1. Search the stretch 48-60 for residues being within 19 Å of the chain's Cα centre (by Cα) and farther than 19 Å from ILE124 by Cβ, and hand back the single one that is surrounded by the most Cβ atoms within 10 Å (Cβ to Cβ).
2. Can you list residue pairs whose Cβ atoms sit under 7 Å apart, with the first residue in the stretch 229-248 being in contact (Cβ under 8 Å) with a residue 12 or more places away in the chain and the second being away from the ligand (no atom under 15 Å from the Cβ) and assigned to a loop (DSSP other than H, G, I, E, B)? Count only pairs 6 or more apart in sequence or on different chains.
3. Test each condition in (1) closer than 23 Å to THR129 by Cα; (2) within 14 Å of the ligand (Cβ to nearest atom) for ARG187 and report the one that comes out false.
4. Checking the condition surrounded by fewer than 20 Cβ atoms within 10 Å (Cβ to Cβ) and over 19 Å from GLY127 (Cβ atoms), which residue from ALA240, ALA221, ALA244 passes?
5. Can you tell me which residue within the stretch 190-221, out of those that are farther than 26 Å from PRO151 by Cβ and among the charged types (D, E, K, R), is nearest to the ligand (Cβ to nearest atom)?
6. Quick one: would you say ALA196 is aliphatic (A, V, I, L, M), touching a residue at least 12 places away in the same chain (Cβ under 8 Å) and either under 18 Å from ILE91 (Cβ atoms) or out of contact with any His (no Cβ under 8 Å at 6 or more places or on another chain) (or both)?
7. Could you count how many residues in the stretch 225-240 are within 10 Å of the ligand (Cβ to nearest atom) and closer than 13 Å to LEU204 by Cα?
8. Let me confirm something: among VAL142, VAL159, which residue is crowded, with 22+ Cβ neighbours inside 10 Å, over 26 Å from ASP84 (Cβ atoms) and among the aliphatic types (A, V, I, L, M)?
Amino acid sequence: MRHLIAGNWKMNGLATSLSEAQAVAEGAKAAEGKADVMICPPATLIERMRRATQNSPLLVGGQDCHPKASGAHTGDVSPEMIKDAGGSAVIVGHSERRTDHGEADDLVRAKAEAARRAGLTTIICIGETEAERDAGETLNVVSRQLAGSVPDGDPSDIVIAYEPVWAIGTGRTASEGDIQEAHAHIRAGLTARFSAAGSGVRILYGGSMKPENAAAILAVADVNGGLVGGASLKAADFLAIVEAASGG
Ligand code: 13P
């Protein structure tokens with residue numbers, strides 16, 4: 001399965017950052033057919049990024065969505081709005097949303113169902129905290145989040161991102177053995193629930209992925225790409241990861 005390298009810009013990016021996206025879009029042309037490349041900028045930049053990178057294979061996505069299509073929900077953005085702005089995907093259930101906004105699995109699942117309604121690909125994030133890992137609970141947490149956050153029905157529009165919370169923005173990455181264990185567990189959960197369709201769901205790794213460690217992580221079985229935070233903000237770093245995902 002072709003790798004997907006998705007950049008999560010988080011709450012970073014102004015109009016001046018669009019030149020980085022344009023450089024990534026150029027690199028995405030070189031990777032076409034070998035790896036898929038996406039940037040999820042803040043909602044304010046989705047439409048401008050789409051326009052600035054049109055005629056390139058770069059995919060643009062949102063970072064969160066409300067379950068409803070419209071209504072009295074001040075400050076929220078619906079998946080239909082992301083689609084309308086030119087986005088083709090959305091991240092839901094990121095650990096920063098789970099922590100900062102108290103989002104639980106049932107809400108994440110409702111958001112994923114809403115994204116499906118709008119015709120978006122959904123990147124559903126799961127992953128254990130450091131305390132949960134230390135308590136030996138990693139695989140249980142991952143199973144629980146997977147069961148609770150992923151909607152029923154054909155999973156062909158779903159991508160899972162395994163992001164151990166303690167590896168996000170810390171410069172610490174999970175070991176290749178730990179990544180393999182978690183991804184194999186997620187794959188088994190997906191095939192148990194969705195049969196053959198579960199083997200076609202991409203499972204991304206996220207957490208301090210950078211040019212120096214990307215090739216090794218992307219070579220781990222059942223790692224089908226990466227969800228990249230800090231290293232996605234600079235085109236040169238991000239493209240080095242894309243190149244690693246393209247087979248060199
Ligand atoms: P970092 O790559 O900055 O650790 O962030 C990972 C992440 O949270 C991507 O969603």
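Nothing in this text is a laboratory measurement; each read-out follows from the coordinates by a stated rule. None of the values given here were measured: they were computed from a predicted structure. Virtual Cβ from ideal backbone geometry, glycine too; neighbours counted across all protein chains shown.
1. It comes out as MET49.
2. Note: pairs meeting the criteria are SER246/LYS34; GLY247/LYS34.
3. (2)
4. On the way: ALA221 fails: over 19 Å from GLY127 (Cβ atoms); ALA244 fails: surrounded by fewer than 20 Cβ atoms within 10 Å (Cβ to Cβ).
None of the other options fit; the residue is ALA240.
5. For the stretch 190-221, the residue satisfying everything is LYS210.
6. So ALA196 does not fit the description; no.
7. Selection size over the stretch 225-240: 4.
8. Details: VAL159 fails: over 26 Å from ASP84 (Cβ atoms).
Unique residue meeting the criteria: VAL142.
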